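Contents: one structure, followed by commentary.
The values are calculated or read from the model by the stated rules, or taken from the named source; none is laboratory data. Since the model is a prediction, treat every value here as computed from it, not as a measurement. Using ideal geometry, Cβ is built from the backbone for each residue, glycine included, and neighbour counts are taken over all protein chains shown. Accessible surface areas use protein heavy atoms only, side chains included; no ligands, DNA or RNA. Shrake-Rupley method; radii C 1.70, N 1.55, O 1.52, S 1.80 Å.
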Amino acid sequence: MSAPMSASRFLEALRAEGLTVVQVGDWSTHNRNSKGPWGPVHGVMIHHTVTSGTANTVRICRDGYESLPGPLCHGVIAKDGTVHLVGFGRANHAGLGDADVLRAVVAEQGLPADDDATTDGNRYFYGFECENLGDGKDPWPKVQLEAVAKAAAAVCRVHGWSHRSVIGHLEWQPGKIDPKGFTMASMRERVAEVLR
């Protein structure tokens, strides 16, 4: 089990992987901790945003919606590979998911099918939202995919996790399709390469 790293360590870890990082407002204290605990943390979850335009995407992920308050993740990964930090602590990104998947992530084993939604993922996962329409047509620039891998690897490196601690939202919660446009198997290979 791992306690969440500090916000300053998170920023430092991302920069150490060579990422360009933008700090948005009071990101380091912007969270949903009042709604429940954050931690122990066990992995990194990747999403797509179903939005276009970096400024709009960052605003939505920071502020959320009336029905789902922000932050909606910890970092937004833009098309150009820039990571915009919008929150740190508990964030509304993972929702309820499969306890068997969580056990597999903790054990760093292959993932079972996500056929249940009873476990609070917002407590256990760091989350990165990636700017993409999620329609299978919107392209994923190489620089963005590289940034996703580096951001996930940065978190894994701090906690001593392998690439198996990185999952997609679609692997956690039944009915979710994100991220769409690349496979999580290919992303985990990228993360493994960064961690070598």
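Tabulated results
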| quantity | calculated |
| --- | --- |
| Per-q log10 I(q)/I(0), the range 91-196, q = 0.17, 0.18, 0.20, 0.23 Å⁻¹ (Debye; single scatterer per alpha-carbon; no solvent) | -0.79, -0.89, -1.10, -1.42 |
| For L96, solvent-accessible area (1.4 Å; no DNA, RNA or ligand), Å² | 90 |
| Residue-averaged 222 nm ellipticity for the chain, from DSSP H runs of 4+ at -39500 (n - 2.57), nearest 500 | -9500 deg cm²/dmol |
| Residues in the range 38-61 that a label on V143 would reach, taking backbone N under 16 Å of a point 7 Å out along Cα→Cβ | 53-55 |
| The chain: DSSP helices with Cα axial extent of at least 15 Å and average Kyte-Doolittle hydropathy no lower than 0.0 | 142-159, 184-195 |
| Charged-residue dipole, Cβ positions (Lys, Arg, Asp, Glu), the chain about Cα centre, Debye nearest 20 | 460 |
| Among P179, P71, P37, residue whose mean-square fluctuation peaks in a GNM of the chain (springs only between Cα atoms under 10 Å) | P37 |
| Computed label-point distance, nm, for sites T183 and S6 using a 7 Å Cα→Cβ extension | 4.1 |
| Accessible carbon and sulfur surface of the chain relative to its total accessible area, %, 1.4 Å | 50 |
| Span from the the range 81-132 Cα centroid across to the the range 153-196 one, whole angstrom | 10 |
| Globularity index of the range 54-102, i.e. its alpha-carbon radius of gyration over 2.2 N^0.38 Å | 1.25 |
| Alpha carbon convex hull of the range 60-139, volume per residue in cubic angstrom | 131 |
| Using distinct alpha-carbon pairs, which all enter the 1/r mean, Kirkwood radius of the chain in Å | 16.1 |
| Selection from Q109, Q173, H84, by position along the positive dipole direction of the range 53-196 (Cβ) | H84 |
